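*Asks:* I am attaching a structure below and will ask some questions about it afterwards.
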Amino acid sequence: MIPDTRLPNPFPPAARAETPMAFVQAIVQAFAQRGLDASPLLAEAQIAPNLQSQTDGRITALQMEWLSAAAMKTLDDEALGWFGRRLPWGSYGMLVRASLTAPTLGVAMQRWCRHHGLLTDDIHLQLTSAGGVAQLELQERRDLGERQEFCVVSMLRNALGVACWLTDSRIPLLQTTLQFAPPPHVDSYHVLFDGPTQFDAPSHTLQFDAGYLSLPVRRDEAALQRMLQRALLLTVRPYRRDRLLVEKVRQTLAEHPEQGRNADDLAQFLNLSVRTLHRQLKDEGASLQQLKDSVRQVKAQELLLRSTRSIKQIASDVGFQNEKSFMRAFKTWTGLTPDLFRSARTH
């Protein structure tokens, strides 16, 4: 999880320094609480002693990733002293693993919140949805003291990062609300959370489009093992992708195939212009034809394996005008004819 410090310079100077020094100071406090000296880790992260005391100081995301990971392993506490009990190394990986088998992000996040309560009752996480807006709320059950900001920001960003990773999507925030007053480094919050941030709010929350809760979980155990090599990327750096429209189109084509006859019908069904439909799909790395083919392929394979319908009937069911064009397309998708695919999977 820790970058190879044998490299000449694991922290490129070109990277932008935007992480508040207040978070570094919170890690130093966690070491002091245990009677330990954090100076060796700070030196390896190339955080100069004179910078550590500057309230307006900043470090890069890579430095924060390395320092946090090293501190968690040294202290054997992934909560970095926030809570009344340590969260041993691997605790948050365990939470992610428990969410992998969820069918949708909504179910996965509900599990995440529930299982987090088994680790500590110092905070309570709750996911709700109303009026098309999903809200993840963090409630403090004990006084977090000087570490309140670092704990709340880290917990909310970690939960959001996991949600993005599980669905392979960048989930933009509609709003972030925080109970504490604007800190001296308030300008960093445009990097910490996208969308508007409200301080002195009644509660700590992240708010986003509830449509993301219906996205399928796209990760497995192998992906989890790869992610855990640098899990803190989910917390310290924003996720890059957003595939909400791709999933909406895929779901519409599967459940309402009559709406996918042409782009005009589909765009009207989704309350979009045809131009916007094509542009957003392109931005998400997909095209309408690719999604049509993907949905047709999945449906054709299911019918071939789970029904006794003829090839001609299946061709019609998945939207092909004739059997020959279906057979040609299916061989392009799978490398097999429909008959060979069926016999290979059922014998």
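The values are calculated or read from the model by the stated rules, or taken from the named source; none is laboratory data. The model shown is predicted, which means the values in this text are computed figures rather than measured ones. Virtual Cβ from ideal backbone geometry, glycine too; neighbours counted across all protein chains shown. For accessibility, only protein heavy atoms count, side chains too; no ligands or nucleic acids. Shrake-Rupley method; radii C 1.70, N 1.55, O 1.52, S 1.80 Å.
*Asks:* Modelling each spin label as a point 7 Å along the Cα-to-Cβ direction, I'd like the Ser343/Leu51 distance in nm, to one decimal.
*Replies:* The modelled label-to-label distance comes out at 6.7 nm.
*Asks:* Something else: Placing unit charges on C-beta atoms (Lys and Arg positive, Asp and Glu negative, everything else neutral), compute the dipole magnitude of the chain about its Cα centre in debye, rounded to 20.
*Replies:* Dipole of the chain, to the nearest 20 debye: 1580 debye.
*Asks:* How high is the relative contact order of the stretch 262-347, in percent, with contacts defined as C-alpha pairs under 8 Å that are six or more residues apart?
*Replies:* The normalised contact order for the stretch 262-347 reaches 18 percent.
*Asks:* If I build a Gaussian network model for the chain, linking alpha-carbon pairs within less than 10 angstrom, which residue out of Arg250, Arg16, Arg309 has the largest mean-square fluctuation?
*Replies:* So, out of Arg250, Arg16, Arg309, the one fluctuating most is Arg309.
*Asks:* For the chain, with a Gaussian network of springs between Cα atoms less than 10 Å apart, report the residue from Leu303, Leu245, Leu87 with the top mean-square fluctuation.
*Replies:* So, out of Leu303, Leu245, Leu87, the one fluctuating most is Leu303.
*Asks:* Given Asn262, Cys164, Gln280, which one lies farthest toward the positive end of the charge dipole of the chain, if we put +1 on the Cβ of every Lys and Arg and -1 on the Cβ of every Asp and Glu?
*Replies:* Asn262
*Asks:* I would also like to ask the following. Per the helix-only calculation at 222 nm, which mean residue ellipticity applies to the chain, given -39500 (n - 2.57) for every DSSP H run of n ≥ 4 and division by its residues, nearest 500 deg cm²/dmol?
*Replies:* Helices in the chain give a 222 nm mean residue ellipticity of -14500 deg cm²/dmol.
*Asks:* Can you give the FRET efficiency for Ser316 and Gln225, using 1/(1 + (r/R0)^6), R0 = 41 Å, r = Cβ-Cβ distance, to the nearest 0.05? Walk me through the numbers on the way to the answer.
*Replies:* Numbers: r = 43 Å, r/R0 = 1.05.
Approximately 0.40, to the nearest 0.05.
*Asks:* Computing the accessible area with a 1.4 Å probe over protein heavy atoms, can you report the carbon and sulfur percentage for the stretch 82-206?
*Replies:* Carbon and sulfur together cover 52 percent of it.
*Asks:* Which of Leu303, Ala344, Ala22 sits closest to the plus end of the dipole of the chain, meaning its Cα is farthest towards the positive end, when Lys and Arg get +1 and Asp and Glu get -1 on the C-beta?
*Replies:* Ala344
*Asks:* Among Met109, Thr205, Ala48, whose Cα lies farthest out toward the positive end of the dipole of the chain, if unit charges sit on the beta carbon of Lys, Arg (+1) and Asp, Glu (-1)?
*Replies:* The listed residue farthest towards the positive side: Met109.
*Asks:* Order of 75-82, 129-136, 59-66 by packing, highest average Cβ count within 10 Å first?
*Replies:* 59-66, 75-82, 129-136
*Asks:* Whole Å is fine, so just give me how far the alpha carbon centre of the stretch 197-228 lies from that of the stretch 20-63.
*Replies:* For the stretch 197-228 versus the stretch 20-63, the Cα centre distance is 28 Å.
*Asks:* In addition: Which value in nm describes the separation of the simple spin-label points at Arg141 and Ala32, placed 7 Å from the Cα toward the beta carbon?
*Replies:* 2.8
*Asks:* What's the extension gain from Phe180 to Glu255 if we count 0.36 nm per residue and subtract their Cα-Cα distance?
*Replies:* Once the chain is fully extended between Phe180 and Glu255, it gains 22.5 nm.
*Asks:* Taking only protein heavy atoms and a 1.4 Å probe, what accessible area per residue, in Å², does the chain have with all protein chains in place?
*Replies:* Values: 17380 Å² over 347 residues.
About 50 Å² of surface per residue is accessible.
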